[in-house]
Each structure stands twice: as structure tokens, then as C-alpha cells.
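> What follows is a structure written as C-alpha cells; I'll ask about it next.
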Amino acid sequence: MAEPQWRRRYEQLAGASGYLNDLGNEVLRAEGLAGPRDTLMMAASAATASEGLALALQEEWALYTPQEAAAVTAALQVTLTQTMANLQFLTVAVGQIAARGDLDLASSAGAGLAGILRELAGKASGQTATAPDIASATRALEAAPLARRLPRTVHENMITVAERIGPPAELTPLAGHHHPDATTYGCGCTLRIRSGRELYYLAYGDAHWSLFAEDASQADACGRRFWDDAHVIDLDLLDPLAHPGQIVQAIKEALQPSS
């Protein structure tokens, strides 16, 4: 990363101009970024900002003072340094995909990919990675086959989570409310999970994966269960197609104190 004073130089000047990019400003202080949605959003934002800067610098009145040029130079220094660091972080992230069993680096195709990524990480460490190096890694990653298919619907996700937790986890579709093809909202199923002496229900709804403790439920006039907000355990996962392994991990972490 760039030295702190370099960062301050362009942050303060941009702030004085009346607008520091809201997304970038938020990310500098961000907590809890997790999952492909956030990662891809950040990558796309960085690429778009770089392309936008190229257009801005080509304008006749792009800069007024050498001090403004110094701020841009400092920002570019951060970009160059961080890009090399991010290439190394990328290789670690791909390794985590393989460690979960979603990518087979032991296969012939996987071995080739592993070699390309090792070379890229080494060059990035020495800040000698080039555009052809990155393009080669992009092509190899694009062609790499998944070792197992990820869920395409919320219902498939619930089934896979149940399989990963194993007995006595029990998946129960709600009669008249089952939506097996849903991809952006709940499928109408609940997954009954035992943790110690307690029973919990897993469900996706209101744009969150959540757990509900059975003994905290109430019943309406028709006998249907419901919970108030104070007794809902939010797993901090918004994506309905979050990786089933990530959901299982969040469940275990949430229930750890009571297990």
C-alpha cells in the first residue's frame, strides 16, 4: 500500500472538491464485505474508475495545478501497488475455492491453472506482472471446470445445506407455499436443525438467511408459528444463492454458544 500521507493527499484534495467517491470512501472503512457479489462489485468499480480516470485526464482542463497532479499521481501509486497485492490475494482466493472442493487442482486442467497462478503470484510479489501474464491467468480461470455444481435455486441450496449438516437435519416444505424454482426469494421450505437440546429452523426470507429458535415461537389464531425480531438470528448472509458451505459455517458459528 502507499504511504499514509499519499493517501491523505488525494483524499483531502478530492474532499475539498466537493465529492469523494461515495463507494470508495465507504469501502475504505468497510466491514463485513463477503461473497462474490461484493467482490465482483469492488472489481467492477475499480475497473470502471480506472477507465473513467483515463477519459478525465485526456480532457483539456483535466487539472488546474501541479498539486492536483501530485494528488492524482499519489492515487496512481496506490493503484499500481494495490493491483500487485490484489493479484496475490486472488491466487489465495482461488486456493480457497479448491480447498472447499469446488475446483480440482489435481486434474490435468487444474495443474496447468495452478502453475499459471503460482507464476502470476511470484511476478506480482516482485511487481513484474504484465498484461499478458494477467490475460493468461484470466483465460485459464475462465476455462477451469467446477468440481461440483453449485445450487441454482434457493430450494437446491436448502437441500445441499441439509445434506452437509446431515441427520437429524430435516427439510420441510410448507404446504401451499413451496416455490422450488425461486432464485431471489424463499422457496417456502424450512430446515429443522438440532443444536444441543435446542431446535432451530433455517429459512431464507426478507432478503436474509436466518435461524429461528423453536422455543421462542408464538402461534397465531390459525396455529401458524411466527417470531418477533428479537428472537430471529440473522446469519448476515443476504445472497439467496450463497455458497451452501458458507451458510453451514454461519449456522455453526451462530449456534456455537448454545451447542
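> Does Ala124 count as surrounded by 12 or more Cβ atoms within 10 Å (Cβ to Cβ) and touching a Lys or Arg at 6+ places or on another chain (Cβ under 9 Å)?
On the way: surrounded by 12 or more Cβ atoms within 10 Å (Cβ to Cβ): yes; touching a Lys or Arg at 6+ places or on another chain (Cβ under 9 Å): no.
Taking the combined requirement at face value, the residue does not satisfy it.
The rows are residues; the columns are (1) under 27 Å from Ala124 (Cβ atoms); (2) at pLDDT 60 or above; (3) in contact with a Leu (Cβ under 9 Å, 6 or more places away or on another chain).
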| residue | (1), (2), (3) |
| --- | --- |
| Asn25 | yes, no, no |
| Gly35 | yes, yes, yes |
| Ala43 | yes, yes, no |
| Leu53 | yes, yes, yes |
| Glu68 | no, yes, yes |
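> If you check Glu142, Glu119, which single one turns out to be without any contact (Cβ under 8 Å) to a residue 24 or more places away in the chain and either surrounded by 11 or more Cβ atoms within 10 Å (Cβ to Cβ) or part of a strand (DSSP E or B) (or both)? Working first, answer last.
Numbers: Glu142 fails: either surrounded by 11 or more Cβ atoms within 10 Å (Cβ to Cβ) or part of a strand (DSSP E or B) (or both).
Being without any contact (Cβ under 8 Å) to a residue 24 or more places away in the chain and either surrounded by 11 or more Cβ atoms within 10 Å (Cβ to Cβ) or part of a strand (DSSP E or B) (or both) holds for just one of Glu142, Glu119, which is Glu119.
> Can you name the residue in the stretch 57-79 that is free of Cβ contacts under 8 Å to residues at least 40 places away in the same chain and part of a helix (DSSP H, G or I) and, of all such residues, is surrounded by the fewest Cβ atoms within 10 Å (Cβ to Cβ)? Spell out the reasoning first.
The first filter runs over the stretch 57-79 and keeps only residues free of Cβ contacts under 8 Å to residues at least 40 places away in the same chain, leaving 57-66, 69, 73, 76, 79.
Subsequent filtering for residues that are part of a helix (DSSP H, G or I) retains 57, 66, 69, 73, 76, 79.
Numbers: Leu57: 12, Pro66: 9, Ala69: 13, Thr73: 13, Leu76: 16, Thr79: 14.
For the stretch 57-79, the residue satisfying everything is Pro66.
> Right, here's the next one. Name the one entry in Arg225, Arg164 that is modelled with pLDDT of 90 or more and outside the structural domain of Leu117 (by TED's automatic domain parsing). First the steps, then the outcome.
Details: Arg225 fails: modelled with pLDDT of 90 or more.
Just one listed residue meets the conditions, Arg164.
> A further question follows. Could you grab me the full set of residues in the stretch 68-95 that are touching a Ser or Thr at 6+ places or on another chain (Cβ under 8 Å) and polar (S, T, N, Q)?
Across the stretch 68-95, the qualifying residues are Thr79, Gln88.
> Something else: Here are the criteria: (1) under 25 Å from the mean Cα position of the chain (by Cα); (2) surrounded by 12 or more Cβ atoms within 10 Å (Cβ to Cβ); (3) part of a helix (DSSP H, G or I). Tell me which single one Ala135 does not satisfy.
(2)
> Let me ask something additional. Does Ala109 meet the test of being at pLDDT below 90 and assigned to a helix (DSSP H, G or I)? Spell out how you get there, then give the answer.
Values: at pLDDT below 90: yes; assigned to a helix (DSSP H, G or I): yes.
Judged against the criteria, Ala109 is a match.
> Here's another thing I want to ask about it. Report, ordered by the first and then the second residue, all pairs with beta carbons closer than 8 Å, sequence separation of six or more or different chains, a first member in the stretch 35-56 that is over 30 Å from Pro244 (Cβ atoms), and a second member that is at pLDDT 90 or above and not in a helix (DSSP H, G or I).
Ala56/Ala62
> Also, I was wondering about something else. Can you list residue pairs whose Cβ atoms sit under 9 Å apart, with the first residue in the stretch 206-219 being touching a residue at least 40 places away in the same chain (Cβ under 8 Å) and assigned by TED's automatic domain parsing to the domain that holds Ala242 and the second being assigned to a strand (DSSP E or B) and among the aliphatic types (A, V, I, L, M)? Count only pairs 6 or more apart in sequence or on different chains.
Trp209/Leu202; Trp209/Ala203; Leu211/Ile193; Leu211/Leu202; Leu211/Ala203; Leu211/Val232; Leu211/Ile233
The values are calculated or read from the model by the stated rules, or taken from the named source; none is laboratory data. Small disclaimer: the values here were computed from a predicted structure and weren't measured. We place every Cβ from the backbone using ideal geometry, glycine too, and count neighbours over all the protein chains shown.
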